[in-house]
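Q: Quick one: this structure, given as structure tokens, is what I'll be asking you about.
The values are calculated or read from the model by the stated rules, or taken from the named source; none is laboratory data. All of these numbers come straight from a predicted model, not from anything done at the bench. Counting neighbours? That spans all protein chains shown, and the Cβs are built from the backbone with ideal geometry, glycine included.
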Amino acid sequence: MYSLVTIKDVVCVPPRRFGEDLKKVIISELEDILAGRVDRDIGIILTITDVKEIGEGRIIMSDASVHYDTTFEILAYQPQLQEVVEGLVTEITEFGAFVCFGPIDGLIHVSQVTEDYMNYDQKNSLLVGRESHKLLKQGDLIRARIIAMSLKDTLSNSKIGLTMRQPYLGKLEWLDEEREKKEKSIEKGSNAEEKQKDQKSKNKKSKKGDK
């Protein structure tokens, strides 16, 4: 879930940047410190969207920088357990598929791809269904659900576990194929029902004619 969060903090502006536009400098300093960091309460900090208020600068004897009480706004993403996400497969390994969704990567373990057993084709970098022959490869678009999370202080240290073994989840191409099959099955059933009604109607007319 994405959100805009307002934060109050002290920002230090170093002497080398005293001549620059203050608001731009503060945004730049905040980006260097916060962008890409993970906060347990607000999630993954993506960017600084605005600086709303800058207080009077203060100089501390032991520090040449100027310290500003600042109110600013950030864009953050907080992944949620059971959240359904769509993403791009970035890598296939023998133990599963790595998927990029939003600002973070998740792993679909090989056992969580489909109900079918998936074999790893190392030569072609594919996961292949033993019975279904379904293929999962780099560049595929998928829909999955978050089933495990371990958020640390940085993205590189954080881990997200995903599954596609639930209804309406999977490779988008598979879902489109399944929807088309259902639509054809419903249409076929509807046509068969109409034919059955027509036949019954003909039979009734035939019986009346015999009388």
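Q: Being modelled with pLDDT under 95, under 17 Å from the mean Cα position of the chain (by Cα) and either of a type in the set (Asp, Glu) or loosely packed, with under 15 Cβ neighbours inside 10 Å (or both): is that true of SER150 here?
A: Working: modelled with pLDDT under 95: yes; under 17 Å from the mean Cα position of the chain (by Cα): yes; either of a type in the set (Asp, Glu) or loosely packed, with under 15 Cβ neighbours inside 10 Å (or both): yes.
So SER150 fits the description; yes.
Q: Follow-up. Could you tell me which of the residues GLY87, GLY96 is out of contact with any helix residue (DSSP H, G or I) (no Cβ under 8 Å at 6 or more places or on another chain), within 30 Å of GLU173 (Cβ to Cβ) and surrounded by 15 or more Cβ atoms within 10 Å (Cβ to Cβ)? Please lay out each step first, then the result.
A: Numbers: GLY96 fails: out of contact with any helix residue (DSSP H, G or I) (no Cβ under 8 Å at 6 or more places or on another chain).
Result of the check over GLY87, GLY96: GLY87.
Q: Select from segment 50-64 the residues that are modelled with pLDDT under 95 and either touching a helix residue (DSSP H, G or I) at 6+ places or on another chain (Cβ under 7 Å) or hydroxyl-bearing (Ser, Thr, Tyr) (or both) and list them in ascending order.
A: SER62, ALA64
Q: Being in contact with a Phe, Trp or Tyr (Cβ under 7 Å, 6 or more places away or on another chain) and either closer than 18 Å to ILE104 by Cα or not assigned by TED's automatic domain parsing to the domain that holds VAL66 (or both) is the filter here, so list the residues in segment 7-50 that pass it.
A: Within segment 7-50, GLY43, ILE44, LEU46, ILE48 qualify.
Q: Go through (1) part of a loop (DSSP other than H, G, I, E, B); (2) surrounded by 13 or more Cβ atoms within 10 Å (Cβ to Cβ); (3) touching an Asp or Glu at 6+ places or on another chain (Cβ under 6 Å) one by one and return the number of the condition GLN166 breaks.
A: The one condition GLN166 does not meet is (3).
Q: Just for segment 121-145: of the residues that are over 26 Å from ILE104 (Cβ atoms) and out of contact with any Ser or Thr (no Cβ under 8 Å at 6 or more places or on another chain), which one is surrounded by the most Cβ atoms within 10 Å (Cβ to Cβ)?
A: Only one residue fits best here, namely VAL128.
Q: Sticking with this one: Which one is nearest to the chain's Cα centre (by Cα) among residues in segment 1-25 that are farther than 25 Å from GLY43 by Cβ and of a type in the set (Asp, Glu)?
A: Checked segment 1-25; the qualifying residue nearest to the chain's Cα centre (by Cα) is ASP21.
Q: Considering segment 36-74 alone, what residues qualify as being small (Gly, Ala, Ser) and within 18 Å of the chain's Cα centre (by Cα)? Don't jump to the end; show me each part of the working.
A: Of the residues in segment 36-74, the ones small (Gly, Ala, Ser) are 36, 43, 55, 57, 62, 64-65.
Selection gives GLY36, GLY43.
Q: Name the strands (runs of 3 or more DSSP E) wholly within segment 1-112 that hold at least 2 residues that are among the small types (Gly, Ala, Ser)? So that I can check it myself, show each step before the final result.
A: Numbers: elements: 2-13, 43-60, 63-77, 84-93, 96-101, 104-109.
Counting at least 2 such residues, we get 43-60, 63-77, 96-101.
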